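The next block holds one structure in the form of structure tokens; read it before the comments.
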Amino acid sequence: MPIHKKKDWSIPEKDATDEHVYLNRRRVLTAMGIGGAILAAPLAFRAIEKMVPEPKPVAPPEPDPSAGLYPVERNAAFVLDRPLSPEDDVLSYNNFYEFGSHKSIASAAQALRIRPWQVRLDGLVERETTVDIDDLLKTMPLEERLYRHRCVEAWAMAVPWSGFPLRALVDFAKPLGSAKYVIMETFLDEDMAPGQAASWYPWPYVEGLTIDEATNDLAFIATGLYGKPMPRQNGAPLRLAVPWKYGFKSIKSIVRFHFTETRPKTFWEQIQPAEYGFWANVNPDVSHPRWSQATERMLGTGERVPTQLYNGYAPQVAHLYKDRQDERLFA
Ligand SMILES: Nc1nc2c(c(=O)[nH]1)N[C@H]1C(S)=C(S)[C@@H](COP(=O)(O)O)O[C@H]1N2
Ligand SMILES: [Mo]
């Protein structure tokens, strides 16, 4: 029998201040209705977290109606330099602030209702439209890809996503020539997702890519994981996977793709712009203001490995940024 190694991230980080969430204190206190005078007082994040309502107990979720589509054929072009992360770790250590600002949201996320699920395609497109997820899954070319994933908090995983290239969805949406960005939005329903009752977060979760990034080969819409439909905690029924960027760009449970001329202010950028910007490309040489990004810790084994420029995907994506060298590309 394999010895079950104590997972090195399970205890210490739970007690530590959450690295990702260093909320702008003014924002929190304003949301709580507390005025400026108190701003000088220290405010422990733990105290704030306690004010997020506890998730309600949930009935067992309905089976996923797309289960028959998986597994799908693996695209051999996407290879890994490391073993796949253990499935049970990937399914039980998550970031999904809609269901709580800690890693153990998997059971709370079972409250996510994944049908009916509609996806709105709008803004600068030939014809705005709404498409049902099951129709979309029938239309899109499904395949499996092995990708690395690097969270800005310096943990990492390697996973088999199933899904389709974001480019296929962009083609389907038919953006106008004037569209420069695609903005993606997560659902908004605080009865279902108690984290969204925390008014100091700028819900809904919003992310964005340039059209060039969105139509790059690597940009992927994941609808499954480990040969099965996407688990709720990992962002069912569809989420982004942009493996050359920090994990917070890979927005979960998307309901809208909005094409626009102007760069959006993304969720984390609104919360803490000094720490989380629009580009958020992985770079081991550019530290986060509060920790180094030189290495990463693999889920499951706890092994420390060096982080790579663009998370190892520089050959595929570095050219996207050659004319943007004056911008803050790595935060
Ligand atoms: N809607 C939404 N999408 C999200 C997040 C979130 O809190 N809400 N967290 C992001 C972060 S920080 C990471 S690292 C990944 C985590 O994906 P995983 O739980 O499938 O590993 O999801 C990203 N997408
Ligand atoms: Mo992350």
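Values quoted throughout were computed directly from the atomic coordinates according to the rules given, and no laboratory measurement underlies them. Being a predicted model, the structure only gives us computed values, none of them experimental. Using ideal geometry, Cβ is built from the backbone for each residue, glycine included, and neighbour counts are taken over all protein chains shown.
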Need one number: nm distance between label points at Gln110 and Glu190, each 7 Å from Cα along Cα→Cβ, rounded to one decimal.
2.6
Total charge of the residues flanking Phe259 in space, meaning their Cβ is under 15 Å from its Cβ, with Lys and Arg +1 and Asp and Glu -1, is -2
Within the stretch 96-182, DSSP-loop trypsin sites (Lys or Arg not before Pro) with at most 16 other C-beta atoms within 10 Å are Arg113, Arg127, Lys180
In whole Hz, what ³J(HN,Hα) sequence does the stretch 59-75 give by Karplus (6.51, -1.76, 1.60; θ = phi - 60°), x for Gly and Pro?
6, x, x, 5, x, 6, x, 8, 3, x, 6, 10, x, 10, 5, 6, 7
Debye, to nearest 20: dipole size of the stretch 73-321, +1 on Lys, Arg Cβ, -1 on Asp, Glu Cβ
200
Specify the inter-centroid distance of the stretch 238-266 and the stretch 267-320, based on alpha-carbon positions, in whole Å.
16
Longer than 30 Å from Cα to Cα, which of Lys103/Lys228; Lys138/Lys322; Lys174/Lys245; Lys228/Lys265; Lys103/Lys245 are they? Say none if no pair is.
Lys138/Lys322; Lys228/Lys265
For the stretch 186-207 versus the stretch 141-183, the gap between their alpha-carbon centres in whole angstrom:
22
Local electrostatic count at Leu176 - Lys and Arg +1, Asp and Glu -1, tallied over other residues with Cβ under 13 Å:
-1
